[in-house]
Amino acid sequence: MDDWKKRLDDLFQKKAAYEQKLVEDRQRAATAHAQQFSLVAALFDSTINPAFEAVRSELMKHGSEPNIVLAHPSARAGSRLASAIEIDEGLTRFGYEIYALISPTGYSLNTRAQIDNYETARHDLTQSLLPNTISKGDIINDVVDRYVKAIIPQV
């Protein structure tokens, strides 16, 4: 066989091997991402969403009408999953969100609290990172602590 033909054969063999490796790497990454997403979805179902529902239920006993948006099974795709609660207290609106950023190698849980004061048009935004081992009680206490700090100036 001529040398140039062998070089071309080698090239296409290497190219096919490289493309196969890329396919396998993508499949491994997709599987790892799906596993991380399943872990996060289970955490939302077992801990985060019940915490938001508990806070909402208690606030409703006191005449508030909080809105909650919970991570929903049909929305489980991509690299982000979130649940949130919003409480409108007339002059002040309080929002609290927990969201997970998901990758094939892991995930991070984050909170975002928002306070809008309609009289002064003040808009504060705070964020924090949560440990992946957060409990329902930890979440409830964090929501209530931030809510109390937002509402106390009005009470």
Kindly write out, for region 6-19 in residue order, the coupling ³J(HN,Hα) from the Karplus curve 6.51 cos²θ - 1.76 cosθ + 1.60 (θ = phi - 60°), rounded to whole Hz, with x marking Gly and Pro. 5, 4, 5, 4, 4, 4, 6, 5, 5, 4, 5, 5, 4, 5
Could you list PHE37, PHE12, PHE52 in order of exposure, starting from the residue whose Cβ has the fewest other Cβ atoms within 10 Å? PHE12, PHE37, PHE52
For the residues HIS62, HIS33, what sequence is obtained by ranking on other C-beta atoms within 10 Å, fewest first? HIS62, HIS33
Report the calculated FRET efficiency for LYS136 and SER79 (r = Cβ-Cβ distance, R0 = 25 Å), to the nearest 0.05. 0.55
Determine which aspartates and glutamates satisfy two conditions relative to LYS5: a Cα distance under 20 Å, and not lying fewer than 8 residues away in the same chain. none
In the neighborhood of THR47, defined by Cβ-to-Cβ distances under 12 Å, what is the net charge if each Lys or Arg adds +1 and each Asp or Glu adds -1? -2
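Throughout, read-outs are computed from the coordinates displayed, never taken from laboratory work. Just so we're clear, the structure is a prediction, and the values are computed from it rather than from any experiment. Cβ: placed from backbone, ideal geometry, glycine included. Neighbour counts: every protein chain shown.
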